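Asker: Supplied in structure tokens, the structure appears directly below.
The values are calculated or read from the model by the stated rules, or taken from the named source; none is laboratory data. It should be emphasised that the depicted structure is a prediction, and the values quoted were computed from it without experimental measurement. Here the Cβ positions follow ideal geometry from the backbone for every residue, glycine too, while neighbour counts run over all protein chains shown.
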Amino acid sequence: MNTSFCLAVSASRSISCRVFSLVCVLLFCIYPNSRAVAQSKVDSMENVLPTATGIQRATLLYILSWEYRFSNKDKALQYGEESLQLARQLQDTASIGSALNSISETWLNFGDYEKAEKITLEELPYARATPQKKNLLGALTRLGTIQYRKGRFDAALVYQLEVQREAEKMNKPEITGVANLNLGLTYMDLKRYDEALRYFNIGLQAFETIQMSAGIGASYINIAEVLRNQKKYDEALEMAHKAEKFLLSAGNKLHLGYIYGILGKLYGLKNQRPEQLLYLQKSLALSRENQDDFMIAQNQGDLGRAYMEMGDMQTARQNLYESYSRAEKMQQKTVVIEDYARLRDWHLLQRNFEEARRFDELYNTSMDSIFNAKMAEKVADSETKYETEKKELTIRDLENRNRIKNLQTYGALAGILALLGVLYLMRRAYRQKQRLAEQQEQLQRNTIERLEAEQKVVALRSHLEGQQLERLRIAEDLHDDFGSGLSKISLLSEVAKKKTAASGELDKISGAAKELLLKMSEIVWALNHHNDTLSSLAGYIRRYAVSFFEDSDIACHFDIPELPEIPLSGELRRNVFLVVKETLHNALKHARADKVNIQFAMENGSLEINIRDNGWGFDPATLPDAGNGLANMQRRMQHLGGSIRIDSQPGEGTRTNIHLPFTASSNTPA
């Protein structure tokens, strides 16, 4: 596969996978009794329906609407609307909420997110008022899914957090399964695939205890996705076919289309083009049968990319533009952004550079709009904090001024009373007035000094928040501008290699671009203030080590306990990371090891990082001046107030200890 295709669509593809998992898991798990029933049972309910009245009829209509929500859109909506109308006539709030639930679920399953969102928002107050919280979890989950599909990630997060809070209150296997699958999805987004796989398997066991077919199928799909991300394509195919067989037996055509799409991608990664096209076309056919416009657009985009990789540029163009037109009409932002990148790559390969530039600008502008929205929200929060604190200072200042005026009034009254007394009392009152004036003056000076100090604190806080925002802006600019440019260099070098014999020089260009991308990623990580903690440093070192040894014969093992949330500066994080990076580089380049262990520990207020390999080892005395790399590592740790010790003997591997002390009072590096 051309390198640029992977880079261009990676962000939006992960969003689509996560949304599908949430829909496939949460909506089913919230309604454990909603498994597809035999057609004879549905027929029996339809036969009873003409004689049913009142609440019984409203309930039967709702159940029939729910049973048809995946298989027959028209029947599901017909029964749902009739149930809603009857429930409103009966003024039964529970039945109204259930009918709205089924209607909104149907619109979501068949891809009309505008109607699904409108009806779910109407359902939400009824769901909150019902003691049974399953309807509330369903409504919140649908709203989160819709917001993700529209690219409103902050709004989706709000709904997801409320789902998490409500799910923790319920102790049921289906909810346990949901919680573990959500944890697995989070770890999969963080590319911590071993943890993700562990949580998916826990969720699978929970669903199997109650034989919940939808939850089991969703677990299979997510496990297949993890294996695909781990590049274990054969195992992923085995799991995906297992999910296919399971969904076929359950009669779930809607989600069967999803697994066909995953199978198509897996066969594409294995360069088995006939199988890739077969499953992508089967997924598209099922999407059309299910009237699922979102999946139709997604599958047309995937087919377009597949034909482009096979060299059938005309068929690729037809599918890509149909996907783009459909997604834009539906306002499916994630698919539209993905299609921008696909069409950019298609025009690049056709040497239509003007059109390629236009779609590239659309792609970058769309991605920027997401980041700019988040940045605007952060700036607004910062300004709100500053204005609130400023108003509080103004209120306190007015209170102090009123207090001073009251004191002055009392002093004047004391003087008048003193004049009416004897001379002794007048003299005494005069002295008291002098003392009072001095106290007032001192009080006023103290008040002014305190207000000035508080205003300086507010200004400093605002300045620091501005620095944090600027660091984040620089990191995002580096990611968007340089990352996009380096990706283009990599793409064009790959294209050029197919058209020239001088592939050696082009390999160097492509390698240099990829190396610059890795170094830029390190800089972006160091600049982002959200990473300024000890636990973030440990997590980044873990992800880097996994990626670094991924294509080697070295197995990397970790021992990272729960670390305290100690704040670290960007400079400190970067220096510690570079020392660890150099150690791992030496293990790969010189040690000839097949195993590396990385251990983090907090001992006596100090951070200890121990790295050990089982390589050849070496005699430190044979290295003049400890070598440039080792000298740089020692200099970095000395600059941080720490130390590094390297122990090695020929044939006994190498042990590296990185020691970084923290002060007891502030929990910051010494």
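Asker: Which is more than 30 Å from E338 (Cβ to Cβ) and either of a type in the set (A, V, I, L, M) or in contact (Cβ under 8 Å) with a residue 12 or more places away in the chain (or both), of E81, E117?
Answerer: E81
Asker: In addition: Please verify whether N610 is within 19 Å of E550 (Cα to Cα), modelled with pLDDT of 90 or more and not charged (D, E, K, R), treating the condition exactly as stated.
Answerer: No, not satisfied.
Asker: Right, something else. Kindly list, by first and then second residue, each pair from a residue in region 216-234 that is on the phi < 0 side of the Ramachandran plot to a residue that is not basic (K, R) and not in a helix (DSSP H, G or I), limited to pairs with Cβ atoms under 8 Å and residues at least 6 apart or on different chains.
Answerer: Hits for this filter: G217/N252.
Asker: Scan region 635-658 for residues that are surrounded by fewer than 17 Cβ atoms within 10 Å (Cβ to Cβ) and either farther than 27 Å from L534 by Cα or within 39 Å of the chain's Cα centre (by Cα) (or both) and jot them down.
Answerer: Result: R635, Q638, H639, G641, S643, R645, Q649, P650, G651, E652, R655, N657.
Asker: Please determine, by comparing only the residues of region 567-577 that are crowded, with 16+ Cβ neighbours inside 10 Å and at pLDDT 85 or above, which one is farthest from R636 (Cα to Cα).
Answerer: That would be L568.
Asker: Can you tell me which residues in region 613-626 are within 29 Å of L534 (Cβ to Cβ) and modelled with pLDDT under 90?
Answerer: Scanning region 613-626 gives a single hit, A626.
Asker: If you don't mind, another one. Among the residues of region 334-359, write down those that are assigned to a helix (DSSP H, G or I) and surrounded by fewer than 21 Cβ atoms within 10 Å (Cβ to Cβ).
Answerer: Within region 334-359, H347, L349, F353, E354, E355, A356, R357, R358 meet the criteria.
Asker: Now for a separate question. For region 578-613, what are the residues that are in contact with an Asp or Glu (Cβ under 8 Å, 6 or more places away or on another chain) and buried (at least 18 other Cβ atoms within 10 Å of the Cβ)?
Answerer: A587, A591, A593, V596, I598, F600 - these are the residues of region 578-613 that are in contact with an Asp or Glu (Cβ under 8 Å, 6 or more places away or on another chain) and buried (at least 18 other Cβ atoms within 10 Å of the Cβ).
Asker: Taking region 267-287 as the region of interest, how many residues are buried (at least 21 other Cβ atoms within 10 Å of the Cβ) and free of Cβ contacts under 8 Å to residues at least 40 places away in the same chain?
Answerer: Residues meeting the conditions: 8.
Asker: Ok, one more. Given the conditions (1) in a helix (DSSP H, G or I); (2) out of contact with any Ser or Thr (no Cβ under 7 Å at 6 or more places or on another chain); (3) at pLDDT 80 or above, and given that Q211 satisfies all but one, which numbered condition is not satisfied?
Answerer: Going through the list (1) in a helix (DSSP H, G or I); (2) out of contact with any Ser or Thr (no Cβ under 7 Å at 6 or more places or on another chain); (3) at pLDDT 80 or above, Q211 breaks only (1).
Asker: Any residue at all in region 264-271 that is closer than 15 Å to L286 by Cβ and touching a helix residue (DSSP H, G or I) at 6+ places or on another chain (Cβ under 7 Å)?
Answerer: Looking through region 264-271, at least one residue is closer than 15 Å to L286 by Cβ and touching a helix residue (DSSP H, G or I) at 6+ places or on another chain (Cβ under 7 Å).
Asker: To continue, here is another question. Does at least one position in region 586-607 carry a residue that is without any contact (Cβ under 8 Å) to a residue 40 or more places away in the chain, farther than 20 Å from A545 by Cβ and part of a loop (DSSP other than H, G, I, E, B)?
Answerer: Yes, that holds for at least one residue.
Asker: Considering (1) without any contact (Cβ under 8 Å) to a residue 24 or more places away in the chain; (2) closer than 17 Å to K329 by Cα; (3) not aromatic (F, W, Y), say which one E122 fails and leave the rest.
Answerer: E122 satisfies every listed condition except (2).
Asker: Still on this model: For A297, work out the one condition from (1) closer than 30 Å to Y68 by Cβ; (2) of a type in the set (G, A, S); (3) surrounded by fewer than 23 Cβ atoms within 10 Å (Cβ to Cβ) it doesn't fulfil.
Answerer: Here A297 clears every test but (3).
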